[in-house]
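Remarks on the structure that follows.
The values are calculated or read from the model by the stated rules, or taken from the named source; none is laboratory data. Everything quoted here is computed from the prediction, not taken from an experiment. Note: ideal-geometry Cβ built from the backbone for every residue, glycine included; neighbour counts use all protein chains shown. Quick note on the areas: whole protein, heavy atoms, side chains included, nothing else; ligands and nucleic acids left out. Shrake-Rupley method; radii C 1.70, N 1.55, O 1.52, S 1.80 Å.
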Amino acid sequence: VAAIDTTTGEVFLINGGHRPPLLRKSSGEVQAILSKGDILGLKEHQERKCERLSLQAGDSLVLYSDGLIENTGPKSQIFSGQKLRTAVRAEVDTGKTIVANIVEAAKDVWQDETAADDVTVLSVSRHL
């Protein structure tokens, strides 16, 4: 779960057992936001740690479902976390977004295989 204050760029994240979101700094550096949490609904009362960060001008936050890195290609190869980071780190020009970089790189791995799990990718960028 994420809440973003679009005025200040402040982001609040709570992880429900998903893969860590990635923060792409304007410099191109990519870091995982390591908020941990059990899968939602396993326990009646669960406490969560809320991670807080600030998006600066040119920063992007990338959230994705586990299907992105768990679906396999024709030879059982996966779109690994390293390949994801490389796609997020890639130069983004006006005609290409971070999501397009990720989809293009994943399709290179998956080729024509039918996905066994859903794939969702969301990127939010701050521009001033």
I need a count of the residues in region 34-67 that are surrounded by 15 or more Cβ atoms within 10 Å (Cβ to Cβ) and modelled with pLDDT under 90. 6
Take region 4-26 and flag every residue that is open to solvent by less than 40 Å² (accessible area, probe 1.4 Å), part of a loop (DSSP other than H, G, I, E, B) and within 15 Å of Asp59 (Cα to Cα). Gly9, Pro21
Across region 70-106, what is the number of residues that are open to solvent by 20 Å² or more (accessible area, probe 1.4 Å), assigned to a helix (DSSP H, G or I) and aliphatic (A, V, I, L, M)? 4
